[in-house]
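Remarks on the structure that follows.
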Amino acid sequence: MKAAVILLPGLNRDRDMIAALTKISGTPPVTVWQTDTAIPDVDLVVIPGGFSYGDYLRCGAIAARMPVLDAVRRKAAEGVRVMGVCNGFQILLEAGLLPGALMRNASLHFVCREVKLEVANADTAFTRGYSKGQVIRCPVAHHDGNYFADADTLKRLEDNGQVVFRYAEGTNPNGSMHDIAGIVNEAGNVLGMMPHPENLIEAAHGGDDGRALFESALDLAGVAG
Amino acid sequence: MTIPNDIRITEDLIAAHGLKPDEYQRILDLIGREPSFTELGIFSAMWNEHCSYKSSKKWLRTLPTSGPQVIQGPGENAGVVDIGDGDCVVFKMESHNHPSYIEPYQGAATGVGGILRDVFTMGARPVAAMNALRFGEPDHAKTRHLVSGVVAGVGGYGNSFGVPTVGGEVEFDARYNGNCLVNAFAAGLAKTDAIFYSKAEGVGLPVVYLGAKTGRDGVGGATMASAEFDDSIEEKRPTVQVGDPFTEKCLLEACLELMQTGAVIAIQDMGAAGLTCSAVEMGAKGDLGIELDLDCVPVREERMSAYEMMLSESQERMLMVLRPEKEDEAKAIFVKWGLDFAIVGKTTDDLRFRIVHQGEEVANLPIKDLGDEAPEYDRPWMEPGRHAPLPASNVPEVEDYGAALLTLLGSANGASRRWVWEQYDTLIQGNSLQIPGGDAGVIRVDGHETKALAFSSDVTPRYVEADPYEGGKQAVAECWRNLTATGALPLAATDNLNFGNPEKPEIMGQLVKAIEGIGEACAALDMPIVSGNVSLYNETNGVAILPTPTIGGVGLIPDWGKMARIGTFSEGDVLILLGGDGTHLGQSVYLRDVLGEAYGPPPPVDLVIEKRNGEFLRSAISNGQIKACHDISDGGMIVAVAEMCMAAGVGADIDIGDGAVHAALFGEDQARYVVAVGSDLANWLTINAEGAGVPFRILGTAGGNALTAGANLSISLAEMKKAHESWFPDFMAGEFVESADAA
């Protein structure tokens with residue numbers, strides 16, 4: 001399985017993401033620059049975290065209008081796995097690939113800490129390496145992670161099992177509705193999540209709870225079906 | 001229509017530029033004529049305290065700055081220290097006090113931006129940041145506003161730029177009511193064979209302007225930072241710059257990419273006094289003249305005068321001398337990152353600093369003399385008074401030591417700083433091994449299997465106030481101790497000297513004696529000063545801050561697998577005190593926060609003992625014998641043990657020995673640590689300690705969910721945590737009321 005990482009000015013967890021993908025899959029991902037209009041033939045496209053274009057408009061709004069995002073939309077439509085973490089999640093929302101919005105944290109502060117995530121749906125391409133209901137550790141680091149959607153959208157997300165990660169054990173760090181930390185699209189091939197699994201994949205990170213997510217998304221050995 | 005550059009030079013104008021009559025006379029003697037308005041601005045920028053170090057230079061020269069590990073000492077954008085395997089760490093600490101008091105968010109943000117730029121200008125990718133923040137007393141009307149703005153500004157810039165903030169300090173004291181301190185530290189990693197300097201080389205080569213456009217922000221900032229405040233500070237708001245971390249992040253990537261092409265001969269960031277300082281620095285160091293054509297400078301405002309362009313402190317800008325044949329390649333990189341790239345001048349062989357604007361020469365000055373001939377003062381100073389010894393028996397005891405401990409754990413200065421550091425991204429880059437809350441921040445060295453770097457920022461201003469010499473020593477010793485407590489070998493340090501008005505002999509005395517203490521400790525502990533910054537005139541309406549020489553230290557951990565943390569022990573492990581029992585209560589937080597007093601001398605620092613105890617501990621950590629370790633500082637042994645217990649989530653039952661109870665618990669004697677070891681290793685460690693001549697005592701055993709010290713105190717972990725964790729959020733939520741349960 002091959003992966004591509006989208007690079008946009010102002011993203012800053014791109015190096016973390018590239019390091020995680022390289023360590024887990026053994027192969028460095030290809031990188032795709034903001035002005036590129038096509039993405040090479042890959043099985044996973046990742047938009048990492050950071051502050052694309054300074055987040056000077058709404059988070060992710062400028063990025064969603066760059067040429068490379070059209071290429072991401074095409075990949076998503078073809079069924080290629082697409083994953084956005086943190087700013088990447090915000091960009092996928094702004095790009096219309098996932099429903100809802102991420103507002104400023106309820107505390108109005110940036111928050112960087114470890115939270116607990118419940119795997120709400122272990123039946124997706126990204127979460128097969130976990131079991132349903134499993135609670136994992138994962139760090140967050142964001143200013144705008146407060147997930148919001150209208151009642152109909154929320155009901156649809158819940159009914160379809162599109163909520164894949166939920167903040168657990170009272171650790172919701174941002175006020176997200178339904179404790180939502182990560183969702184997939186209806187087809188299940190586009191994942192957006194606020195927490196940073198790429199920062200919890202090895203002993204130096206104090207744990208590797210994030211690893212199974214990448215192993216699942218990359219169809220690596222050891223992940224069930 | 002032309003922009004007027006001619007303004008008549010009057011006495012008032014000279015004074016408004018912070019130049020004293022004798023300093024102005026020096027200018028007249030040097031150039032043999034009246035300076036133009038632009039030239040006056042240039043002199044004022046180069047000769048203010050901030051840029052010229054005119055009051056402190058004489059004393060800074062006495063600091064130890066070299067060693068086999070030092071690649072570059074003070075005098076460049078940042079210090080450079082060898083960490084082996086062809087890698088080096090590049091670091092510096094710098095203050096942004098005055099701007100942060102005037103406009104806390106932007107002041108702090110641009111402080112972070114400035115120090116990051118200092119690091120990556122040298123070719124290093126920033127990998128760690130720290131911030132030492134000092135504010136007025138909590139119930140002062142401005143404090144909450146400043147804390148909120150400064151913390152948001154530090155986070156806003158650092159988080160967006162993408163550097164982990166791994167350490168720092170936050171302290172409150174009424175003496176900072178009118179003058180907060182924001183000391184920003186950054187460290188980066190570079191290859192020893194790819195370090196970039198500011199010294200220009202070659203005649204007729206293009207001088208290139210990189211980064212963001214020039215505006216009117218910050219005009220006169222460096223001069224402002226060299227004056228005391230009075231009640232008119234609001235009028236100074238326009239001298240504060242505005243930060244743009246997005247542009248800085250792009251500038252970082254563009255500069256590192258450019259440096260790989262071999263196009264860069266010299267590079268210098270535009271910090272204080274922007275274009276002026278950077279151009280003069282590059283020329284003067286390289287024995288070259290510089291000619292600038294201001295019509296080529298990218299500007300974001302209309303009709304800027306030469307004076308404004310030369311003194312603008314707009315952020316995220318760099319100046320570079322370029323290999324001409326690489327121009328196209330270099331420009332393409334900057335265009336890719338959406339940044340300005342403009343040839344604004346050239347190097348010359350006549351040693352003149354020449355500025356042309358609208359075709360007219362508006363400045364023509366001797367470039368070397370601008371720096372070299374800056375005034376230097378041997379200001380009169382007064383030997384500080386010393387306190388008589390204060391035996392613990394002269395310090396009152398209290399009824400309830402449990403309440404006293406809770407008071408300290410939950411006090412403004414003893415409470416957890418989680419509220420602050422959770423607003424900083426501590427994890428980005430994926431290399432953070434220890435985040436704030438322990439003795440030092442630790443990151444692993446990317447690309448190396450086992451190596452890690454430790455960072456700590458320290459000073460105890462009340463000690464420095466009581467005895468500048470011992471306090472200066474203590475700041476270095478505590479930093480060294482914090483690094484050592486993780487198992488790191490301290491390599492070098494940066495100093496950020498924050499003091500009041502040096503024209504007052506008692507303030508100058510504090511500076512002189514503190515530097516003496518710092519120098520002595522740095523020499524004894526092999527931790528040379530490789531970079532730094534001096535911030536004087538930290539006074540408002542004549543009241544000076546506590547003397548605050550912040551020390552930012554860097555240490556190397558050869559194998560982070562054996563690193564020590566403060567809370568990695570469990571039930572049954574044995575707690576051992578290294579360095580002897582507490583005896584000293586002068587200037588302790590027990591005096592200040594429990595008894596409401598401040599007297600006596602600070603704890604003396606014996607550098608031989610410091611070194612001996614620290615080296616013993618470091619070798620025990622590197623042998624893998626230590627499960628957890630914490631240095632003893634504010635609040636003494638019992639606060640150290642309480643912090644370890646809270647971090648580990650396990651209680652302890654300890655014996656405080658036969659000395660006076662308050663001194664044993666809260667004494668702030670130096671060179672001490674608490675360590676946790678497996679019960680099987682306790683005897684072994686103590687035998688070794690005895691062999692090394694390090695005083696030790698087995699305190700007791702970890703277990704249960706309370707900290708108990710015989711009949712003196714027994715407090716549950718939950719109670720300690722509540723006191724420790726709630727003060728800061730409650731204070732910032734505005735629900736803070738003076739604690740009624742103080743002993």
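The values are calculated or read from the model by the stated rules, or taken from the named source; none is laboratory data. This one's a predicted model, so the numbers in the text were calculated from it and none came from an experiment. Note that each Cβ is placed from the backbone with ideal geometry, even for glycine, and that neighbours are counted across all protein chains shown. Just so you know, the surface numbers come from the protein's heavy atoms only, side chains and all, with ligands and any DNA or RNA stripped out. Shrake-Rupley method; radii C 1.70, N 1.55, O 1.52, S 1.80 Å.
Scanning the range B:169-208 for residues that are open to solvent by 10 Å² or more (accessible area, probe 1.4 Å) and within 27 Å of A:N87 (Cα to Cα) yields a count of 1. Across the range B:409-427, which residue is most open to solvent (accessible area, probe 1.4 Å) among those that are under 30 Å from B:Y469 (Cβ atoms) and away from every other protein chain (no Cβ under 14 Å)? Only one residue fits best here, namely B:N413. Please work out which residue is surrounded by the fewest Cβ atoms within 10 Å (Cβ to Cβ), limiting yourself to the range A:10-35 and to residues that are more than 10 Å from chain B (Cβ to nearest Cβ) and part of a strand (DSSP E or B). Going through the qualifying residues, I end up with A:T31. Residues in the range B:361-391 that are open to solvent by less than 60 Å² (accessible area, probe 1.4 Å), closer than 30 Å to B:F666 by Cβ and of a type in the set (D, E, K, R): how many? Within the range B:361-391, residues that are open to solvent by less than 60 Å² (accessible area, probe 1.4 Å), closer than 30 Å to B:F666 by Cβ and of a type in the set (D, E, K, R) number 0.
Look through A:L93, A:L97, A:L117 and report the one residue that is away from chain B (no Cβ under 14 Å) and either in contact with a Cys (Cβ under 8 Å, 6 or more places away or on another chain) or open to solvent by less than 10 Å² (accessible area, probe 1.4 Å) (or both). Exactly one residue qualifies, and that residue is A:L117.
Within the range B:650-686, the residues that satisfy the criterion of being among the aromatic types (F, W, Y) and either without any contact (Cβ under 8 Å) to a residue 24 or more places away in the chain or buried (at least 24 other Cβ atoms within 10 Å of the Cβ) (or both) are B:F666, B:Y673.
Among the criteria (1) surrounded by fewer than 22 Cβ atoms within 10 Å (Cβ to Cβ); (2) among the hydrophobic types (A, V, I, L, M, F, W, C); (3) over 17 Å from B:D439 (Cα atoms), the one B:A647 does not fulfil is (3). Among the conditions (1) in contact with a Lys or Arg (Cβ under 8 Å, 6 or more places away or on another chain); (2) buried (at least 18 other Cβ atoms within 10 Å of the Cβ); (3) of a type outside the set (K, R); (4) within 20 Å of A:D208 (Cβ to Cβ), the only one that A:T127 does not satisfy is (1).
All but one of (1) open to solvent by less than 20 Å² (accessible area, probe 1.4 Å); (2) more than 14 Å from chain B (Cβ to nearest Cβ); (3) under 23 Å from A:K75 (Cα atoms) hold for A:A187; state the number of the condition that does not hold. That leaves (1) as the condition not met. Tell me which of these B:S36 doesn't satisfy, since it passes every other one: (1) closer than 25 Å to B:M508 by Cβ; (2) small (G, A, S); (3) touching a residue at least 12 places away in the same chain (Cβ under 8 Å). Tallying (1) closer than 25 Å to B:M508 by Cβ; (2) small (G, A, S); (3) touching a residue at least 12 places away in the same chain (Cβ under 8 Å), B:S36 fails exactly one: (1). Counting only residues that are assigned to a strand (DSSP E or B), farther than 19 Å from A:R58 by Cα and open to solvent by less than 30 Å² (accessible area, probe 1.4 Å), the range A:140-180 holds 7 of them. For A:D43, indicate whether it is open to solvent by 10 Å² or more (accessible area, probe 1.4 Å) and more than 14 Å from chain B (Cβ to nearest Cβ). Taking the combined requirement at face value, the residue satisfies it. In the set (1) within 14 Å of chain A (Cβ to nearest Cβ); (2) more than 26 Å from B:G414 (Cα to Cα), the condition left unmet by B:G155 is number (2).
Whenever a residue of the range A:137-150 is within 11 Å of chain B (Cβ to nearest Cβ), its partners that are aliphatic (A, V, I, L, M) and open to solvent by 10 Å² or more (accessible area, probe 1.4 Å), lying with C-beta atoms within less than 7 angstrom and at least six residues away or across chains, give the pairs A:P139/B:L427; A:A141/B:L427. Can you tell me which condition B:W337 does not meet? The list is (1) farther than 23 Å from B:D458 by Cβ; (2) within 31 Å of the chain's Cα centre (by Cα); (3) more than 14 Å from chain A (Cβ to nearest Cβ), and all the others hold. With (1) farther than 23 Å from B:D458 by Cβ; (2) within 31 Å of the chain's Cα centre (by Cα); (3) more than 14 Å from chain A (Cβ to nearest Cβ) applied to B:W337, the lone miss is (3). Of all residues in the range A:191-205, at least one satisfies being over 25 Å from B:N431 (Cβ atoms), at pLDDT 95 or above and either open to solvent by less than 10 Å² (accessible area, probe 1.4 Å) or in contact with a strand residue (DSSP E or B) (Cβ under 9 Å, 6 or more places away or on another chain) (or both).
Within the range B:392-408, the set of residues being within 17 Å of B:P602 (Cβ to Cβ) and open to solvent by 60 Å² or more (accessible area, probe 1.4 Å) comprises B:N394 only. All conditions in (1) open to solvent by 30 Å² or more (accessible area, probe 1.4 Å); (2) more than 14 Å from every other protein chain (Cβ to nearest Cβ) hold for B:G73, with the sole exception of (1). Here B:L556, B:L546, B:L577, B:L591 are screened, and the one residue that is part of a loop (DSSP other than H, G, I, E, B) and of a type in the set (A, V, I, L, M) is B:L546. The set of residues in the range A:48-68 that are within 24 Å of A:G79 (Cβ to Cβ) and either in contact with a Phe, Trp or Tyr (Cβ under 8 Å, 6 or more places away or on another chain) or within 14 Å of chain B (Cβ to nearest Cβ) (or both) comprises A:P48, A:G60, A:A63, A:M66, A:V68.
Being open to solvent by less than 30 Å² (accessible area, probe 1.4 Å), part of a loop (DSSP other than H, G, I, E, B) and of a type in the set (K, R), is that true of even one residue in the range B:31-46? No, the conditions are met nowhere in the range B:31-46. Would a scan of the range B:604-622 turn up a residue that is outside the structural domain of B:G519 (by the TED database), open to solvent by less than 60 Å² (accessible area, probe 1.4 Å), of a type outside the set (A, V, I, L, M) and part of a loop (DSSP other than H, G, I, E, B)? Taking every residue of the range B:604-622 in turn, none turns out to be outside the structural domain of B:G519 (by the TED database), open to solvent by less than 60 Å² (accessible area, probe 1.4 Å), of a type outside the set (A, V, I, L, M) and part of a loop (DSSP other than H, G, I, E, B). Among residues of the range A:17-32 that are within 17 Å of B:D446 (Cα to Cα), those with a Cβ under 9 angstrom from a residue that is among the polar types (S, T, N, Q), sequence gap 6+ or separate chain, pair up as A:I18/A:T31; A:A19/B:Q429; A:A20/A:N199; A:L21/A:T27; A:P28/A:T22. Only residues that are free of Cβ contacts under 8 Å to residues at least 12 places away in the same chain and out of contact with any Pro (no Cβ under 9 Å at 6 or more places or on another chain) were counted in the range B:9-23, giving 4. Residues that are under 25 Å from A:N12 (Cα atoms), at pLDDT below 95 and under 20 Å from the mean Cα position of the chain (by Cα) occur at least once in the range B:227-247.
If I filter the range A:75-88 for residues that are crowded, with 22+ Cβ neighbours inside 10 Å, touching an Asp or Glu at 6+ places or on another chain (Cβ under 7 Å) and among the basic types (K, R), do I get at least one hit? Within the range A:75-88, one or more residues are crowded, with 22+ Cβ neighbours inside 10 Å, touching an Asp or Glu at 6+ places or on another chain (Cβ under 7 Å) and among the basic types (K, R).
All of (1) at pLDDT below 95; (2) in a helix (DSSP H, G or I) hold for B:A740 with one exception: (2).
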